[in-house]
Every structure is written in structure tokens, then in C-alpha cells.
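What follows draws every value from the coordinates through simple rules; no lab data is involved. Since this is a predicted model, take the numbers as computed values, not measurements. Heads up, the Cβs are rebuilt from the backbone with ideal geometry, glycines too, and the neighbour counts pull from every protein chain shown.
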Amino acid sequence: MKTYKPYTKSRRHMTTVTFRGKITAAEPHKALTSGGKRDVGRNNAGRITVRHKGGGHKRLLRDVDFSYTKRVPAVVETVEYDPNRSGFIGLLLYKDGERRYALLPKSSVVGTAVITNEDAPATPGNRMPLKNAPLGAFVYNVEIKPGQGGKLGRAAGGHIELVARDAGLVDLKMPSSEIRRVPEECWATLGEVSNEEHHLMTIGKAGRSRWLGIRPTVRGTAMNPVDHPHGGGEGRQGRGLRRAKTLWGKPSGKGQKTRKPKKYSNYLIVSRRKVGKRR
């Protein structure tokens, strides 16, 4: 991590991830980039569906391949920063000359060989079906449905542990401590996602959050009763409710269960995630 001299109050505690010795390219591969307007929490009607999003630095989108449909050996040509995700991405050069972006494991450097095959060696960066991955292995970029592309375990430093295999299903221990099942025909990449120091970063000041596209969050207890269930009271008050609620009166935070009781994938959840300080 990189620290700074405290020439301002906000600079004193601010930290950033050191890119020196990790990033090998300053500019992205132009053929795999595109512009575009970000959703910033709006739906197709332009209405806000996710609050506290908006603004931020303009970003160039990188076309990252999460499905690895190409079964040709490749090598890592560059290691690059992507403003749209927390992990590092790499430009893979395939033997047939094609280039694609992929999410890199933390051990990848320029020149690392990457193999996507059913009988690929169990080394970080290689991709294979979960039925062929060794038990106890760490994987990332895991598919939920075969052929759908990687959906699980894509954040910086994240990994999913393969704990069991039975009756065509594989038990995966998620970073949240939840244990869930996916079909063993789903593909995954061996290893842990790069940029593992990302969670140690201290934002340091409000302006840096705005650069990231994060707008301010107002506490419900600081509002009036008409604006939030936690609002009101003379002076500083507790919420006055047994359970924390959202703006719309739904349970939130503090270990409240928010999952739908009849969600279609409930039968795939072996063990719910553990919440609270003793997690």
C-alpha cells in the first residue's frame, strides 16, 4: 500500500494500492475498448432504482471475456488496471493471434501461460469444469449455469473454495461464508483474483468517493419521520424500532434476512451466510 505525507487532514489517512511493479501497460488495447453512458442507478425509464450513484470520472469500457469460449492456449501479454472493476485484467494473446481481456489471478505476470481445457493442469489462471478441479482448490470467475459465463467470485482478492462434489453438483464456499451448489459442468478459473490489497485501501476524503461515482448517504436517524422510518425525535435519538428498516419499511442490515422465502435457487443453498461481529 502507498501512504502519503499529511499535508492536509484528509491526506493523513489516505492510502492507495501501489501499481508500480504490477501494471505493465499505461493505455488499454484500443480494439477492445468502447465508450458508453453508465447507468448510475437508473433504469430504462430514467428513474433512480439504486440510490447514491452518479457523477464520477469518465471511464472507458474494456471488453472483458468472462466466458473463455476460446479453447486455444494463450499467454499474458500485459497486466492492466480497469476502472470498472477492482481486480487487474490482462491482455491474453492466443496462439491464433487473437487478443482478449481476462480477469487475472494474483500470481499472473507477463508471459504466464493460460490454458482453457477440460484436462488443463491445476495451476492458477487455467480454466476447467468444476468436475475436474481438485477438492479444496480456490477458484474464481465461476459460472452459475453451464455456458453462461463467470458470475461468482470476481472482486479483487476474492476466491471460492471447492469443498465437496456429489450427484452432479459441487458445493462451493463463498467469500460471504455461504455454501451453495452449482452444476459440476460449470467452468471456473483456478486461483484467487488479483489486486488482493484492494480491501486495505482507505478512501480518505469525500471528494475521492465522488471521483468513484459514489454520492453521499444520509443516515435515516438524521431525517424527519416523513422521510424515513428512523427519523424524528428531539435531538439525537435511537431508531425506536426493534429492527432496522429501509426507506420503504423493509428489513435491512444488522443481520436481517432479506432473501425471498420462495426464491428459485433456495434448494441450492446448503448453508446461509453468517452475519454479525462473530462471523
Pull out the extension gain between residue 200 and residue 185, defined as 0.36 nm times the separation in residues minus the alpha carbon to alpha carbon distance; nm, one decimal.
1.9 nm
Determine, at each q value in 0.15, 0.23, 0.25, 0.28 (inverse angstroms), the log₁₀ of I(q)/I(0) that the Debye formula gives when each Cα of region 80-143 is one equal point scatterer.
-0.51, -1.11, -1.24, -1.38
Taking only C-alpha pairs under 8 Å that are 6+ residues apart, what is the relative contact order of region 70-159 in percent?
24
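Which FRET efficiency, nearest 0.05, do residue 226 and residue 42 yield, Cβ-Cβ r, R0 30 Å? Write down the numbers at each step before the final one.
Numbers: r = 25 Å, r/R0 = 0.83.
The pair residue 226/residue 42 has a calculated efficiency of 0.75.
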Once the Cα gyration tensor of region 118-248 is found, what semi-axes does its equivalent ellipsoid get, as square roots of 5 times the eigenvalues, in whole Å, sorted largest first?
42, 20, 12
Pick out, from 108, 54, 88, the residue whose Cα sits farthest towards the positive end of the charge dipole of region 52-128, with +1 on the Cβ of Lys and Arg and -1 on the Cβ of Asp and Glu.
54
Magnitude of the charge dipole, region 224-274, Cβ model with Lys/Arg +1 and Asp/Glu -1, debye to 20
520
Largest-first semi-axes in Å of the equivalent ellipsoid built from the Cα gyration tensor of region 23-62 are 27, 12, 7
Under the rule a/c < 1.5 gives rounded, and otherwise a/b versus b/c splits prolate from oblate, where does region 154-204 land using the Cα gyration tensor?
prolate
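Fully extended, how many nm does the chain gain between residue 250 and residue 217 (0.36 nm per residue separation, minus their Cα-Cα distance)?
On the way: separation 33, 0.36 × 33 = 11.88 nm, distance 1.77 nm.
Additional length available on full extension: 10.1 nm.
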Normalised alpha carbon radius of gyration of region 10-156 [divisor 2.2 N^0.38 Å]
1.18
Nearest-0.05 FRET efficiency for residue 122 and residue 34 at R0 = 25 Å, using Cβ-Cβ distance, is 0.10
Checking the table 173/254; 53/245; 30/58; 205/250; 5/205 against a 24 Å threshold on Cα-Cα, which pairs fail?
205/250
The residues 267, 140, sorted from fewest to most surrounding Cβ atoms within 10 Å, come out as 267, 140
